[in-house]
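A short write-up of the structure that comes next.
The values are calculated or read from the model by the stated rules, or taken from the named source; none is laboratory data. As the structure is a prediction and not an experimental result, all values here were calculated from the model. When we count neighbours, we look across all protein chains shown, and the Cβ atoms used for this are built from the backbone with ideal geometry, even at glycine. Each accessible area value is taken on the protein alone, full model and side chains, heavy atoms only, with ligands, DNA and RNA left out. Shrake-Rupley method; radii C 1.70, N 1.55, O 1.52, S 1.80 Å.
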Number of protein chains: 2
Amino acid sequence: MTNEVRIIALGGLGEIGKNLMLVESGADVIAIDCGLAFPEEDMPGIDLVLPDVSYLVERKDQLRAIVLTHGHEDHVGALPYVLSHVNVPVYGTKLTLGLARRKLDEEFEGEVDFHIVKPRDVVTFGCIQVEFFRVTHSVSDSVGLILYTPAGIIVHTGDFKLDQTPVDGEPTDYFKLAEVGDKGVLALLSDSTHADRPGYTPSERVVGESLAQVFQKAKGRIIVTTFASNVPRIQQVIDVSHDFNRKVCVVGRSMETVVEVATNMGYLRVPLGTLIDVGDLGKYPQAKVVVLSTGSQGEPLSALARMSLGDHRKVDIIEGDLVIMAASPVPGNETMVSRVVDNLFRRGATVIYTPESLVHVSGHASQEEQKMMLNLTRPRFFIPVHGEYRHLILHARLAVATGVPPANVLIGENGTIFRLTPDQGEIVGMVQTRAVLIDGAGVGEIGEGVLKERKTLGEAGAVFVSCVVSRETGALAIAPTIRTSGFTRSEPGETLLTEVAGKLKDYFKDVSQEAIRRKDLLEQDIANMVQRYVRNETGRKPAVLCSVSVL
Amino acid sequence: MTNEVRIIALGGLGEIGKNLMLVESGADVIAIDCGLAFPEEDMPGIDLVLPDVSYLVERKDQLRAIVLTHGHEDHVGALPYVLSHVNVPVYGTKLTLGLARRKLDEEFEGEVDFHIVKPRDVVTFGCIQVEFFRVTHSVSDSVGLILYTPAGIIVHTGDFKLDQTPVDGEPTDYFKLAEVGDKGVLALLSDSTHADRPGYTPSERVVGESLAQVFQKAKGRIIVTTFASNVPRIQQVIDVSHDFNRKVCVVGRSMETVVEVATNMGYLRVPLGTLIDVGDLGKYPQAKVVVLSTGSQGEPLSALARMSLGDHRKVDIIEGDLVIMAASPVPGNETMVSRVVDNLFRRGATVIYTPESLVHVSGHASQEEQKMMLNLTRPRFFIPVHGEYRHLILHARLAVATGVPPANVLIGENGTIFRLTPDQGEIVGMVQTRAVLIDGAGVGEIGEGVLKERKTLGEAGAVFVSCVVSRETGALAIAPTIRTSGFTRSEPGETLLTEVAGKLKDYFKDVSQEAIRRKDLLEQDIANMVQRYVRNETGRKPAVLCSVSVL
């Protein structure tokens, strides 16, 4: 039997191991998480980014299961796509599978072999045993994994923080971590997201206290928005509303679904009669209601964004409304959020949105918690995961500060193959992995080339030139037509296009019959000529496409 | 003589009054500041946004001067454009005019009538007298304005903070403010940028102290980046470098220019022998040099971004380099900055970039300073300026908290006409004002329509259909050609385009000679048909343009 374990991060984009990791030993492979990424700023028109499954498909026969740590989109959102390639059993806690189920019901046709696990459950997949342990995070029922492998014990934290007073009363399982730390941990894979934040991340309870202070003073209606998946936060909104005798009305599809799923499964405790239908909102005094809404990221189609524009079918912002943004903008969403906040103020609402108001805390560990995790598990090797490159480096330094030898810190990226044996840890190579970009119905069709073209088009527009030429003479049969988009609509623009038409006429005075036979080259040459001319005249660089029809 | 004053904010974009304001009384008009804005995220391809000068041009004969508060781009950057329409005298402090001069030399051909003023200077423009008073801000030699008008005294703070220990030793002129506050201020126009930040903005000195702590521990080379215009910050970098016996090498065009201009004018005191040429960098031990670089916003063409990619002609990042990001990302630039930081770490540098490291402080007042300004001036009317809408509202509340009657707070937007008399303050209308969008060499040519087209192109690409038809039969003379950009390069895409070609052939079976006479309608109809087909097949909505050539 081999005593070697290989760990491979397979997400195609951004943070290492966030979306999908593989653990291989001998003939057994398990996948950890199965999520999607959101497009970066230089991916215009892309809706979602999926992990590359090609390596997974190669290992199809050895793949025993997909094991989930928690129910966030970036950890479960690619299940429909991945299961359609490798339909293996899926293990996760009750709420995690409940959240994953929603998506599968919509997008996956096959049967899914779901296995509900509880913290401290141990499941055997060939030579790899997986024990689940409770961690605290911004969605209920999150777990980390202890992998008992032929090489040794590997701890994977999943996304975590060390909330000492979690809303559901279930702190991170320090006992289990201490136990394996005492036995000897070969490697720790730990969440690096906030490795640049000193101190501790405040407890989720802090948000409840801040909300209570705000509710105490509020005289009119209160609208709260947060991430739909943040069940503990939703619980606190409901609790505080109940304490202050306010009814709660849930608005926005994803928020409605999560409240339903989490309530049915027992993760959300809603006092009887607290929830009201949006249609009944008008029946209660403004001081007696709370609207719990989607849109915390300023998403243009979300309920809150629509309200901020007076565009929501059922809820209008009223002068004196108090809006609480109980979420911080995910990097890249700052401008969208600011616009929604401005528009809410414009409609007469007061908005609480600054970090100082403490109506949001992160679900990820800060430096002191990351160090605590390192000290509890005392790993021989350390692999920082879930974070941008800067976070991995800073997390690595924390590991070294707690006593991990610098040579035992392994920093990789998506595709990296880490090899662990009882004595050794090293990076042994890379697996080909790429981001699968989704735009509309076409899966995986959009590559670098198309993205680059979109960038040019988006920044400078397009000029299309269409010429009809005679095969015999090589001359233009009729005047060329020029169409533009995103380029100009003004008079100087029209003048320029007339000049371009003139240039084309000149051009065709010299075209040989030979040239016309190589139409693709001819079209490219014309496009280059037009592009040069436009750039010289305007300083702009639109995409220029040319079509030559030969009669 | 009239006792009425009208104040009009004329920037075309974003923050009210940031770029350009007018003060009119009787036959006299003065402009305050003359800056440009940077494009928002939904303005692809736009380089700069200029204020609308049409109203200014109408008032040409009454316009006495442009009065500048400080030398930042958003306050002086539109001078070449505006002066080319209305060439009037320009008043500002020495450094402000020095910074403005740079740009004018490059972009303006006429003579500029510059008047250097000092704080406490009073200049008379017809019935309006302007007194300049010192304020502290993130560029040296900043001033606010006291306008003595027939309606009363109006105080305009410019951009300010109340730095009690400014680097140049010149605090805000509390005495002058107290004096006019005691005389009676009709209206205060005050910087709202940070109306959502509680407390005080830390002194610029704090940055010097943080830098000293970092320098104390640094063993290798130090690279510092900040805004080129932040002369006090540059002074501190030079001072700390000198204290720690390090030579300073300035890299990046705008940084080089500002250091030169500010040194020549006496705003920057550089100890002899401290500056070294970038070519001599290799001659000194790494522990003895500091590189002062542009690129604090992650701008892709900046010196630091190039270094982070190993792409700078003269400076390579060396393992062990310490990079200090002495600036915070301007909203919208967060992702660019993060990428540069990641890439610097990748090359082996350590980067100091978090807010906790206090290597950057803002140049704008926080709430306590804004309230102090209100209490010093005790205005009868309050007009919050320089800020997004949310900031204006929050600033208005601070004014009310300090005793301004709510009815005396006037919240406007760009274009708003404020009318003030000795007894009254009100909003009396709007001036037509728009953003003049600059892309390449064409000034003011880009409108909403073109931006919308660019958005479609950027997100979904373009399909260009070219058909040649016979005038007599209405039938296709040859097979249609289809070209795409930013749409697809894959096999399913090619198949789709073949199907589109088939659809076009079908389409032309039914086209009447009549239809061919209305070519524009025909082209639009074909484009719509193709667009529908593509959307149904792929869920994508590329721009579709059609050109029909009639033989």
Considering protein heavy atoms only and a 1.4 Å probe radius, which residues within segment A:463-496 exhibit an accessible-area decrease of no less than 50 Å² in the full assembly relative to the chain by itself? A:PHE464, A:ILE478, A:ARG483, A:SER485, A:GLY486, A:ARG489
Assigned charges on the beta-carbon of Lys, Arg, Asp, Glu; chain A dipole about Cα centre (debye): 860 debye
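Once the other residues with Cβ under 13 Å from the Cβ of B:ALA477 are scored (Lys, Arg +1; Asp, Glu -1), what is the net sum?
Working: positive: A:ARG471, B:ARG471, B:LYS505; negative: B:GLU472.
Net of charged neighbours comes to +2.
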On each of the three principal axes of the Cα atoms of the protein assembly as shown, give max minus min coordinate, whole Å, ordered largest first. 96, 81, 78
Expected response for nearest chain A Cβ to the A-B rotation axis, distance in whole Å, is A:GLY458, 1
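Over the Cα atoms of chain B, Rg to Rh with Kirkwood Rh, two decimal places?
Details: Rg = 28.4 Å, Rh = 26.5 Å.
Over the Cα atoms of chain B, Rg/Rh equals 1.07.
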Helix-derived mean residue ellipticity, 222 nm - over the protein assembly as shown, DSSP H n ≥ 4, -39500 (n - 2.57), to 500: -9500 deg cm²/dmol
Spelling out what I want: for every residue of segment A:146-157, take phi, set θ = phi - 60°, compute 6.51 cos²θ - 1.76 cosθ + 1.60 (Karplus), and round to whole Hz; glycine and proline get x. 10, 9, 8, 10, x, 7, x, 8, 10, 9, 10, 6
Count, lysine Cα pairs under 20 Å in segment B:226-376, 8 or more residues apart or across chains: 5
Peptide A:328-341: average number of partner chain Cβ atoms within 10 Å per residue? 3
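Sorted by packing (mean other beta-carbon atoms within 10 Å per residue), highest first, where do A:87-100, B:310-323, A:427-440 land? Can you show the working numbers first?
Working: A:87-100: 22.8, B:310-323: 16.1, A:427-440: 17.8.
Top to bottom by mean Cβ count within 10 Å: A:87-100, A:427-440, B:310-323.
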Please identify the chymotrypsin sites (Phe, Trp or Tyr not before Pro) of segment B:379-415 that satisfy two criteria: DSSP loop assignment and at most 15 other Cβ atoms within 10 Å. Which are they? none
Send over a whole-number figure in Å² for the accessible area per residue of chain A, probe 1.4 Å. 39 Å²
Relative to the other copies, what are the label-point distances for B:ARG313, with labels 7 Å from Cα along the C-beta vector, expressed in nm at one decimal and sorted shortest first? 6.1
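Counting pairs of alpha carbon atoms under 8 Å apart in space and at least six apart in sequence, what relative contact order in percent does chain A give?
Values: 1225 pairs, mean separation 85.4, N = 551.
About 16 percent, as a whole number.
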Any idea what Rg and Dmax come out to for segment A:1-131 if you just take the C-alpha atoms, in Å? 14.5, 49
A correct Karplus calculation of ³J(HN,Hα) over segment A:260-276, with 6.51 cos²θ - 1.76 cosθ + 1.60, θ = phi - 60°, whole Hz and x for Gly and Pro, returns 5, 4, 5, 5, 4, 8, x, 8, 10, 9, 10, x, 3, x, 7, 7, 10
Relative contact order of segment A:80-154, defined on C-alpha pairs under 8 angstrom at six or more residues apart (%): 25 percent
Need the C-alpha centroid separation for segment B:454-513 versus segment B:523-551, integer Å. 7 Å
If you put a point 7 Å past Cα along the Cβ direction, how far is that point for B:ILE116 from the same point in each other copy, in nm, smallest first? 8.0
Largest first and to the nearest Å, give the Cα extent of segment A:409-551 along each principal axis. 78, 38, 32
Integer Hz, Karplus 6.51/-1.76/1.60 couplings in order for segment A:379-387, x for Gly and Pro: x, 6, 10, 10, 10, x, 10, 6, x
Along its three principal axes, how long is segment B:398-464 when you only count alpha carbons? Whole Å, largest extent first please. 63, 25, 18
Shortest first and in nm with one decimal, please list how far the A:THR165 label point sits from its counterparts in the other copies (point 7 Å along Cα→Cβ). 3.6
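How much of the accessible area of chain B, in percent, comes from carbon and sulfur atoms when a 1.4 Å probe is used?
Working: 10590 of 21670 Å².
Ligands and nucleic acids excluded, carbon and sulfur reach 49 percent.
For B:VAL76, what is the net charge nearby, where nearby means another residue's Cβ is under 11 Å from its Cβ and Lys, Arg count +1, Asp, Glu -1? Walk me through the numbers on the way to the answer.
Working: positive: B:ARG101, B:ARG102, B:LYS103; negative: B:ASP33, B:GLU73, B:ASP74.
Counting the neighbours of B:VAL76, the net charge comes to 0.
I need the peptides A:76-85, B:509-518, B:74-83 ranked by packing, meaning the mean over residues of other C-beta atoms within 10 angstrom, with the highest value on top.
Details: A:76-85: 21.8, B:509-518: 12.2, B:74-83: 24.2.
Order by mean packing, descending: B:74-83, A:76-85, B:509-518.
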Return the residues of segment B:29-50 for which accessible area with all protein chains present is lower than in the chain on its own by 50 Å² or more; set the probe to 1.4 Å and exclude ligands, DNA and RNA. B:GLU41
Value of relative contact order over segment A:465-551, rounded to a whole percent, pairs C-alpha under 8 Å and six or more apart: 41 percent
Take peptides A:127-139, B:105-117, A:408-420 and line them up by average Cβ neighbours within 10 Å, highest first, as a rough protection proxy. A:127-139, A:408-420, B:105-117
Cα centroid separation - segment B:192-265 against segment A:292-339, whole Å: 38 Å
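Roughly how crowded by other chains is peptide B:446-455, in terms of the mean Cβ count from those chains within 10 Å of each of its Cβ atoms? Intermediate values should be presented prior to the final figure.
Values: counts 8, 3, 1, 4, 9, 2, 2, 9, 10, 4.
Whole-number average of other-chain Cβ neighbours for B:446-455 is 5.
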Would you mind giving the total buried accessible surface between chains B and A, with a 1.4 Å probe and ligands, DNA and RNA left out, rounded to the nearest 100 Å²? 6000 Å²
Set Lys and Arg Cβ to +1 and Asp and Glu Cβ to -1, take the dipole of segment B:293-356 about its Cα centre, and tell me which of B:ALA326, B:HIS312, B:SER296 lies farthest positive. B:HIS312
Excluding residues fewer than 8 places away in the same chain, name every one of the aspartates and glutamates whose C-alpha is closer than 20 Å to that of B:LYS60. B:GLU4, B:GLU24, B:ASP28, B:ASP33, B:ASP52, B:GLU109, B:GLU111, B:ASP113
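Counting only DSSP beta bridges with both residues in chain B, what percent are antiparallel, rounded to the nearest 5? Can you show the working numbers first?
Working: 47 of 93 bridges.
So the antiparallel bridges amount to about 50 percent of the total.
If you count, for every residue in B:537-547, the Cβ atoms of partner chains within 10 Å of its Cβ, what is the mean? Mind dumping the intermediate values first?
Values: counts 3, 5, 5, 7, 2, 3, 5, 1, 8, 4, 10.
That works out to 5 on average.
Ignoring ligands, DNA and RNA, how do A:PHE160, A:PHE227 rank by accessible area with a 1.4 Å probe, largest first? It would help to have the intermediate numbers written out before the result.
On the way: A:PHE160 0, A:PHE227 65 Å².
Result, largest first: A:PHE227, A:PHE160.
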Using a 1.4 angstrom probe with every protein chain in place, what is the largest-first accessible-area order of A:MET336, A:MET373, B:MET372? B:MET372, A:MET336, A:MET373
